[in-house]
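The values are calculated or read from the model by the stated rules, or taken from the named source; none is laboratory data. This one's a predicted model, so the numbers in the text were calculated from it and none came from an experiment. Cβ sites come from the backbone with ideal geometry, for glycine too, and all protein chains shown count toward neighbours.
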């Protein structure tokens, strides 16, 4: 079986877990949480990075930090995971769905201005597959209207747009360390606070609405409830796993780059010959090598391919369903045709097996099966 995803130990995970227990501190913000914070802050150059239980909770923190209220509107791509929109819907906001570009599958910046109303309180972008959105245009539009930008960077850690790390453009950004991500601790996330004015409140919200962090730094003689918040701290056991992975980030990224480029070298000409779209990476983007996908001609071909590969012990998967056509999306008044590129791409996209331990031999089998499939339909 060639798995779509396979979590991989890369170094000192087990040793660090044991060390966390030796420290008698396995709850949040222990030694390994702080080491992860330091790596993220120093590498990315952000004022503050805070681990969270998952990326979903990091997104929920962004909604709290931006004081999203019932009746507010938040612009978000329809082609994304439900957590991206749920974070704001939970605060009573109405999602305003944007279509995506047909090349990078990122939010189409050309649609943004027309979606802005007096109720717009945030623009949320998703760097799909770790390829940067058109941040120059997006930030210019946001600045003209005084609207903060949030980056859902679940796919894009250590990717860059025009030389600058993804996750460092918006007022806030979020990361995922789910088992499917480049660096993983099973379940985990982080919020990146790029606006220094939001740092203190982020710490408070993350600590159940208390000023506990200030107490531990000796800034107050006791801590108390000062704001709305929740319990968003990642266990130091999981932070130990994550720290071991972050230590090996260069090795992990190098391996994933090899996997991506191996697929691309074997498939790029083949995709052109068969009317299949391969990933598009603008020359000014340094991607994170999160996934390799193909856009098949139609839903029937995509479904047949997934079945064909599974019969050959190769697991491939589709991706997001259009949020605007979900049951919830329809409750907000959306229907077919609202985001046509999203609707088409959702039917066509298939993700190939992609993980840190995938071998060249495994990829050769995947490539051979893809080519065999198309020959069988000729």
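Of all the residues that make up the stretch 333-361, how many are more than 30 Å from residue 114 (Cβ to Cβ) and crowded, with 17+ Cβ neighbours inside 10 Å?
Taking the stretch 333-361 and keeping what is more than 30 Å from residue 114 (Cβ to Cβ), we get 350-361.
Imposing the further condition that a residue be crowded, with 17+ Cβ neighbours inside 10 Å reduces the set to 350-356, 358.
The total comes to 8.
Pairs are defined by a Cβ separation below 8 Å, a sequence spacing of at least 6 or placement on different chains, a first member in the stretch 309-323 that is outside the structural domain of residue 353 (by TED's automatic domain parsing), and a second member that is at pLDDT 95 or above; no pair meets this definition.
Suppose we filter 378, 304, 368, 361 for residues that are at pLDDT below 95 and on the phi < 0 side of the Ramachandran plot; which single one remains?
Values: 304 fails: at pLDDT below 95; 368 fails: at pLDDT below 95; 361 fails: at pLDDT below 95.
Going through 378, 304, 368, 361 in turn, just one is at pLDDT below 95 and on the phi < 0 side of the Ramachandran plot: 378.
Elements of the type helices (runs of 4 or more DSSP H) sitting completely within the stretch 179-276 and holding at least 2 residues that are over 23 Å from the mean Cα position of the chain (by Cα): these cover 199-206, 212-216, 249-273.
The residue list 129, 143 contains one member that is surrounded by fewer than 18 Cβ atoms within 10 Å (Cβ to Cβ) and either touching a residue at least 40 places away in the same chain (Cβ under 8 Å) or not in a loop (DSSP other than H, G, I, E, B) (or both), which is 143.
The stretch 1-120 holds helices (runs of 4 or more DSSP H) entirely within its bounds, and those carrying 3 or more residues that are surrounded by 22 or more Cβ atoms within 10 Å (Cβ to Cβ) and assigned by TED's automatic domain parsing to the domain that holds residue 176 map to 31-44, 55-65, 82-89.
Whether any residue in the stretch 339-350 is touching a helix residue (DSSP H, G or I) at 6+ places or on another chain (Cβ under 9 Å) and on the phi > 0 side of the Ramachandran plot is what I want to check.
no
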